[in-house]
Structure formats: structure tokens, C-alpha cells
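Below you'll find the structure, written out as C-alpha cells, and then a few comments.
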Amino acid sequence: MNSKKKQVKIILLLAGLLLVGLFVLQGCKKSEPTTPTEPNEVVSAAIEQTTCPIMGNPINKDIFTEYKGKKVYFCCPECKEKFEAKPEEYIAKLPQFQE
Ligand SMILES: [Zn+2]
């Protein structure tokens, strides 16, 4: 009798695992077509800043300051310091200030 109960438990466990597996697979299939985030990023990159206004290198999104309510990104902390010292000299190179 005990062994039968164990079998039922194992079957239930396997069925549960199968269900979870199906859900995971379905989740993967569903998430695949809903990841067209790359074109969006390209579109926003055209408006947003992609290069450091001081050195012209690609920006590091972890290094930024706020100027006139807008975020300004830099490639390194030294550029951030240079910008903060004379922001008006560099805003001409920033797409977010071109209006
Ligand atoms: Zn830099």
C-alpha cells in the first residue's frame, strides 16, 4: 500500500514538472516575438546622446550629470568634471540641447 502511495506522489511530481516545463516553454515562445526593443533603442539613440561631448567617445550610461533638467552622459569621470566646469562650451555638441 505504501509503495502505491509513493508511486502516486512521483507521478504527481512528474506531472507538475511537466506542467512547469510547458509553461516555461510557452513563456519563452511568447517572449521571443515580443522583444523588438532593438529598433526602439535605435530610434531613441538618434535623439539621445550616444557620444561624449568632450572626447567624442561612446558614452558610459553610468557616468552622467544633469544640466538644465536634461541628463548629459560622458565616457569617463574626467569628462564629467570638464563639462561641469564649463557646460556652455559643450552643449552645442549635445543632441538633447539642439532645439
Ligand atoms: Zn571621457
Can you list the residues, at least 5 places off or on another chain, whose amide H is less than 5 Å from the amide H of Y67, using H built in the peptide plane?
V72
Per residue of segment 70-82, in order, report the coupling 6.51 cos²θ - 1.76 cosθ + 1.60 (Karplus, θ = phi - 60°) as ³J(HN,Hα) in whole Hz, putting x for Gly and Pro.
10, 7, 10, 9, 10, 8, 8, x, 5, 5, 4, 5, 4
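Throughout, read-outs are computed from the coordinates displayed, never taken from laboratory work. Since this is a predicted model, take the numbers as computed values, not measurements.
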